[in-house]
Amino acid sequence: MSTTAQTSTESKEHRLKRYLRERAEDGELYFKGKFIADDVGLSPKEIGALMVKLSESASDLEIEKWSYTGATTWRVEPA
C-alpha cells in the first residue's frame, strides 16, 4: 500500500473516531452509517469498514454491531 493511501485511510479513521468520541461523550450513541456519512465526509461503505477496524483497535470506545434492518446499526459508548 502506498504512503498516500495509508495517510488517507488513517485520516478517515481519525476523523470518524473523533466524531464518535464527541457524540458519545455523554453516553451511548446509536447510528447507521448512511445517516452520519455527510457529517464525517465518508461513504456508508467506508464507515462500515472503519467501524469494524475501530471496534478492534479503539481502546477509548466500546463499539459493537447492534442490529441490522436495512443497514447495520452501531452502538458506541466511551470505554
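The values are calculated or read from the model by the stated rules, or taken from the named source; none is laboratory data. Note that the structure is a prediction, hence the values are computed from the model and not measured. Because the Cβ atoms are built from the backbone with ideal geometry, glycine has one as well, and the counts that use them run over all protein chains shown. When the accessible area is computed, the model is the full protein with side chains, heavy atoms only, and any ligands, DNA or RNA have been set aside. Shrake-Rupley method; radii C 1.70, N 1.55, O 1.52, S 1.80 Å.
On the stretch given as the range 26-44, residues that are part of a loop (DSSP other than H, G, I, E, B) and open to solvent by 100 Å² or more (accessible area, probe 1.4 Å) total 2.
Within the range 49-78, residues that are among the small types (Gly, Ala, Ser) have Cβ atoms under 7 Å from residues that are modelled with pLDDT under 95 and outside any strand (DSSP E or B) in these pairs: Ser59/Ala79, counting only partners at least 6 apart in sequence or on another chain.
All told, Ile63 falls short of being at pLDDT 95 or above and assigned to a helix (DSSP H, G or I). Just the residues that are surrounded by fewer than 14 Cβ atoms within 10 Å (Cβ to Cβ), closer than 17 Å to Ile36 by Cα and not small (Gly, Ala, Ser), please, taken from the range 55-79. Glu64, Lys65, Tyr68, Thr69 - these are the residues of the range 55-79 that are surrounded by fewer than 14 Cβ atoms within 10 Å (Cβ to Cβ), closer than 17 Å to Ile36 by Cα and not small (Gly, Ala, Ser).
Quickly run through the range 7-25 and pick out the residues that are under 20 Å from Ala79 (Cβ atoms) and in a helix (DSSP H, G or I). If the condition is that a residue be under 20 Å from Ala79 (Cβ atoms) and in a helix (DSSP H, G or I), then Glu13, His14, Arg15, Leu16, Lys17, Arg18, Tyr19, Leu20, Arg21, Glu22, Arg23, Ala24 are the ones that fit. Within the range 23-43, which residues are within 18 Å of Ser11 (Cβ to Cβ) and within 12 Å of the chain's Cα centre (by Cα)? Of everything in the range 23-43, those that are within 18 Å of Ser11 (Cβ to Cβ) and within 12 Å of the chain's Cα centre (by Cα) turn out to be Gly33, Ile36, Ala37, Asp39, Val40, Gly41, Leu42, Ser43. As a summary of the residue check, Ile47 satisfies the conditions (1) open to solvent by 70 Å² or more (accessible area, probe 1.4 Å); (2) at pLDDT 95 or above; (3) assigned to a helix (DSSP H, G or I) except for the one numbered (1).
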